[in-house]
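Enquirer: I'd like to ask some things about the structure below.
The values are calculated or read from the model by the stated rules, or taken from the named source; none is laboratory data. Quick caveat, the model's predicted, so the values are computed rather than measured. All Cβ positions, even for glycine, are placed from backbone atoms using ideal geometry, and neighbour counts span all protein chains on display. What goes into the accessible areas is simple: the full protein's heavy atoms, side chains included, and nothing from ligands, DNA or RNA. Shrake-Rupley method; radii C 1.70, N 1.55, O 1.52, S 1.80 Å.
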Amino acid sequence: MEKINDIFRTFAPEYLDYYAQTIPHEHRKVIQAIIDCRTQSCGIALYYCEHCGEPHIVNCSCGNRHCPTCQHHKSQNWLHKQMNRQLPGHHFMVTFTVPEKLRRFIRSNQRVAYSALFRASSEAMKKLACDDKYMGGDLPGFFGVLHTWGRTLEYHPHIHYVVTGGAFSTLNGAWHPSRIDFYLPVLALSKIFRAKFRDEMKKAGLLHHIPDEVWQIDWIVNSQAVGSSEASIKYLAPYVFTVAISNTRIVKVEDRKVFIRYKKPHS
């Protein structure tokens, strides 16, 4: 038993019963999809050999983006599509991270919180890109990928953006490039990101669930010049469809315990 599917089939009923009151609905759906993957519950495909006519029945995959069995092909398709869309010129990798004290809240309110993270971070970049001190363009180019775990596989939501080094201005129809080595000031981005996320939580009526100290500490934003976007897109491709605990991470299952491999952060 060294596959996620087998582990879920063996232990999921007990797990779901024990955490019945706290497990998010989306997690239940993922667990069931992985249990059903490549069984008749997901349907079957019938093939006939064109030489001998013998039929072959294949159980279908679940297609869930959290299933380790289903994601390699999707990842490669996504990578190919993004490589064809990349713009010429220099790029940056900009990463928006939330404080540790906010993680529990986000995990319990994933749909609204994830949307707010994207909205707050993207609006922060748009706001500063318009400033003539930096680029003076109202249409910066970027796309972001939500990543929800860290090197040690703890819950750690953050967003990686691949960002073009400049912005288009709809006022004069010109492209306004950034410096090669500098995109936008990360401290200013951090403050705007934090303020806009707070506004989103207030609109959603969830502000009172968040500890007050979250708004008093720095939110970390990192910006790195990466040259062309090719390397960054290849770096992000596995995160789009690959799950945190894939089958290759599983060492063994012994005495009702699952042993996994992970990378320690650099000291």
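Enquirer: In square angstrom, what is the accessible area per residue of the chain with a 1.4 angstrom probe? Walk me through the numbers on the way to the answer.
Expert: Values: 16170 Å² over 267 residues.
Value for the chain: 61 Å² per residue.
Enquirer: Further, regarding this structure: Listed highest first by mean packing, meaning other Cβ atoms within 10 Å per residue, what order do 206-213, 26-33 come in? Please report the intermediate quantities before stating the final value.
Expert: Values: 206-213: 12.5, 26-33: 15.9.
So the order, starting with the most tightly packed, is 26-33, 206-213.
Enquirer: Starting from the Cα of residue 133, draw a straight line to each of the lysines and keep only those under 19 Å, dropping any in the same chain fewer than 8 residues away.
Expert: Counting by Cα, and skipping residues close in sequence, residue 133 has these lysines nearby: 191.
Enquirer: If you stretched the chain out fully between residue 87 and residue 127, how much longer would it get, using 0.36 nm times the residue separation minus the C-alpha to C-alpha distance? Walk me through the numbers on the way to the answer.
Expert: Numbers: separation 40, 0.36 × 40 = 14.40 nm, distance 2.16 nm.
Length gained, residue 87 through residue 127: 12.2 nm.
Enquirer: What percent does the relative contact order of the chain come to when contacts are Cα pairs within less than 8 Å and at least six residues apart? Could you put the intermediate results ahead of the total?
Expert: Working: 410 pairs, mean separation 63.7, N = 267.
Over the chain, the number comes to 24 percent.
Enquirer: Can you list the equivalent-ellipsoid semi-axes of region 1-51, largest first and in whole Å, using the square root of 5 times each Cα gyration tensor eigenvalue? Display every interim value, and only then the final one.
Expert: On the way: eigenvalues 183, 31, 10 Å².
Each semi-axis is √(5λ); the values are 30, 12, 7 Å.
Enquirer: Would you work out what percent of the accessible area of the chain, with all protein chains in place, is carbon or sulfur (probe 1.4 Å)?
Expert: Working: 8410 of 16170 Å².
For the chain, the apolar C and S fraction of the accessible surface comes to 52 percent.
Enquirer: Round to the nearest 10 and give me the degree value, 0 to 90, for the angle of helix 186-203's Cα axis relative to the longest principal axis of the chain.
Expert: Tilt of helix 186-203: around 60 degrees.
Enquirer: How do the peptides 169-176, 119-126, 91-98, 182-189 rank, highest first, by the average count of neighbouring beta carbon atoms within 10 Å per residue? Numbers along the way, then the final one.
Expert: Numbers: 169-176: 12.6, 119-126: 20.4, 91-98: 22.8, 182-189: 17.9.
Sorting 169-176, 119-126, 91-98, 182-189 by mean packing, highest first, produces 91-98, 119-126, 182-189, 169-176.
Enquirer: Working from the pairwise distances between different alpha carbons, so that the mean of 1/r is found and then inverted, what is region 150-226's Kirkwood radius in Å? Display every interim value, and only then the final one.
Expert: Details: mean 1/r = 0.0649 Å⁻¹.
Its Kirkwood hydrodynamic radius stands at 15.4 Å.
Enquirer: Give me the angle, in degrees from 0 to 90, between the Cα long axis of helix 110-129 and the longest principal axis of the Cα atoms of the chain, rounded to the nearest 10.
Expert: 30
Enquirer: With just the Cα atoms defining each centre, how far is region 19-62 from region 97-164? Give it in Å.
Expert: Computed from Cα coordinates, the inter-centre distance equals 34 Å.
Enquirer: What is the gain in length, in nm to one decimal, between residue 206 and residue 180 on full extension, counting 0.36 nm per residue of separation less the C-alpha to C-alpha distance?
Expert: Working: separation 26, 0.36 × 26 = 9.36 nm, distance 4.00 nm.
Taking residue 206 through residue 180 to full extension adds about 5.4 nm, to one decimal.
Enquirer: Tell me what the chain gives for mean residue ellipticity at 222 nm when only DSSP H runs of n ≥ 4 count, each as -39,500 (n - 2.57), the sum divided by the residue total, rounded to 500 deg cm²/dmol. Walk me through the numbers before you get to the answer.
Expert: Working: 7 runs with 98 residues, N = 267.
About -12000 deg cm²/dmol.
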